[in-house]
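One structure below.
The values are calculated or read from the model by the stated rules, or taken from the named source; none is laboratory data. As the structure is a computational prediction, the values presented were derived from the model and not from experiment. Using ideal geometry, Cβ is built from the backbone for each residue, glycine included, and neighbour counts are taken over all protein chains shown.
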Amino acid sequence: MKKLLLFLLCAVLCLALCSCSGNGSSAPAAPKADAATPTPAPTATPEPAFEPLDWAAVTEAPAANFTYELSWDEESYRITAYNGTDAIVKVPAAIEGKPVTDLGEDLFRSNETITHVYLPDTVRYMGDSCFNNCPNLVQLHLPANLSEIAQATCKECRKLVQVDLPTALTSIRQSAFSECISLKEIELPATTTYMEKDVFDGCRSLTSFKAPGLKQMGQCALRDCVSLTELVLYEGMGLFNGNALNGCTSLTDLTLMPLTEESSYRVVFENGILYDVYGTEEPEYTALRMLPGYPADAVQLHPNTTKLEHSVFYGCQLRSIEIPAAVDTIPGNAFVQCKNLESITFAPGSQLRLLEMNCFSGCTALTAIDLSFVTEQLTMYSGAFGSNDALTSVKLPANVNATDPADYMFRSAKNVVISYQGKDYTYDQLSELKLVQE
């Protein structure tokens with residue numbers, strides 16, 4: 001019996017010794033499988049800084065790299081296709097002793113290899129979409145004697161950083177550089193007078209745009225250039241589309257180059273608004289565009305303002321505005337997405353007659369508007385008050401003609417009360433409000 005007790009005591013002592021470390025402390029527990037140190041996320045490799053190529057050191061590409069044909073005059077060549085594989089391409093100025101004067105449409109379109117292209121000064125004509133969607137093109141030299149940049153020439157060239165513009169350039173066609181998201185600066189020569197729609201649409205890295213001789217700028221020409229802070233235009237600009245600057249939310253100022261010729265009209269910039277001014281003794285002002293980034297809560301239009309341009313305040317930060325008496329139309333999209341706009345008033349003697357399509361759409365802070373002062377018929381187009389959720393009070397004149405029924409015109413304003421011909425209509429009663437004249 002004693003031997004059995006002695007054996008059990010020895011077993012207990014051995015077990016205690018095995019469970020302790022050499023220094024008397026408990027042995028550390030094995031790490032859990034899920035407690036491993038996480039692997040740090042890989043850091044993105046920054047793009048190397050752009051360094052322009054020295055074209056003088058580059059040899060012309062051989063004629064064998066191109067498909068070409070004689071031009072109509074049989075004195076020059078027209079290149080119709082690129083068959084090479086080089087990333088750097090210097091187009092030859094002459095082939096078989098005759099100058100290269102024309103480049104066909106889609107010449108390099110969707111070419112994923114080219115990074116740098118030089119076009120010789122002998123070229124005087126380029127077809128549409130020559131470099132459309134060339135994803136790796138970073139530098140382009142255009143011919144000095146080229147007078148027109150064709151439609152979609154460099155559309156969606158997302159890595160294009162530098163383009164050498166022709167010194168003889170007079171016009172730029174639709175979407176020529178749209179979605180060139182790496183372009184940072186553009187300076188047009190003074191000879192450039194005409195720019196079509198969407199030319200630099202979506203160039204979100206563009207910070208500076210200078211057009212000292214431009215007389216016509218088309219729709220959405222600089223739309224969504226969200227980094228644009230410097231804008232230089234010509235005082236003699238005759239056609240400026242109001243939505244050309246839509247989405248330029250960083251733009252707070254601009255510079256106007258002085259007139260170089262006598263003209264009965266000019267553009268001026270006052271208190272954040274670009275105006276077209278006609279006449280000298282009693283000039284009439286047309287409000288073309290408020291700069292989207294201009295920091296103004298209360299906007300004071302020039303008292304001689306007789307007209308507002310389409311999209312004049314699109315997306316601006318203004319909180320209140322008074323419309324001058326001579327303005328008879330609130331044009332389409334005039335105040336679209338003015339999300340801070342709380343107050344719209346009209347000067348005494350207002351001649352207001354027409355609210356065009358979507359003119360106040362998206363003014364989500366606007367709670368009330370009084371139009372009861374209108375003495376003649378007020379015409380309201382579709383969507384004039386679309387997406388105006390906060391509207392609670394609308395006062396209409398006695399004579400209204402709308403293109404849409406009231407319950408559709410004010411469909412977003414769930415808490416609105418509309419006063420018309422001596423009666424108040426709540427949202428649930430809008431179907432009874434007859435604004436569409438038969």
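State yes or no: is GLU179 outside the structural domain of THR80 (by TED's automatic domain parsing) and on the phi > 0 side of the Ramachandran plot? Yes: the conditions hold for GLU179.
Do we find that PHE410 is of a type in the set (Phe, Trp, Tyr), closer than 26 Å to ALA325 by Cβ and in contact (Cβ under 8 Å) with a residue 24 or more places away in the chain in this structure? So PHE410 does not fit the description; no. Filtering the stretch 253-287 to residues that are surrounded by 15 or more Cβ atoms within 10 Å (Cβ to Cβ), closer than 18 Å to ALA326 by Cα and among the small types (Gly, Ala, Ser) leaves only ALA287.
Restricting VAL161, VAL123, VAL199 to those that are in the same structural domain as ASN246 (by TED's automatic domain parsing), buried (at least 21 other Cβ atoms within 10 Å of the Cβ) and β-branched (Val, Ile, Thr) reduces the list to VAL199. Within the stretch 251-270, not a single residue is among the small types (Gly, Ala, Ser) and in contact with a strand residue (DSSP E or B) (Cβ under 6 Å, 6 or more places away or on another chain). GLY383 meets each of the listed conditions (1) closer than 28 Å to GLU284 by Cβ; (2) out of contact with any strand residue (DSSP E or B) (no Cβ under 7 Å at 6 or more places or on another chain) apart from (1). Taking the stretch 398-438 as the range and being part of a strand (DSSP E or B) and either of a type in the set (Asp, Glu) or crowded, with 17+ Cβ neighbours inside 10 Å (or both) as the test, the residues that pass are VAL400, ALA402, ILE418, TYR420, ASP424, TYR425. Based on what the data block shows, is LEU371 in the same structural domain as MET217 (by TED's automatic domain parsing), surrounded by 18 or more Cβ atoms within 10 Å (Cβ to Cβ), under 24 Å from VAL416 (Cα atoms) and at pLDDT 95 or above? Judged against the criteria, LEU371 is a match. Within the stretch 72-96, residues that are modelled with pLDDT of 95 or more and in a strand (DSSP E or B) sit with their Cβ atoms under 9 Å from residues that are loosely packed, with under 10 Cβ neighbours inside 10 Å and not β-branched (Val, Ile, Thr), at 6+ positions apart or across chains, in these pairs: TYR77/GLU96; ARG78/TRP72.
Residues that are under 24 Å from SER250 (Cβ atoms), in a loop (DSSP other than H, G, I, E, B) and of a type in the set (Ser, Thr, Tyr) within the stretch 273-301 comprise just one, TYR294. Look through the stretch 214-248, keep the residues that are over 17 Å from ASP198 (Cα atoms) and either surrounded by fewer than 20 Cβ atoms within 10 Å (Cβ to Cβ) or among the basic types (Lys, Arg) (or both), and return whichever of them is nearest to the chain's Cα centre (by Cα). So the residue we want is THR229.
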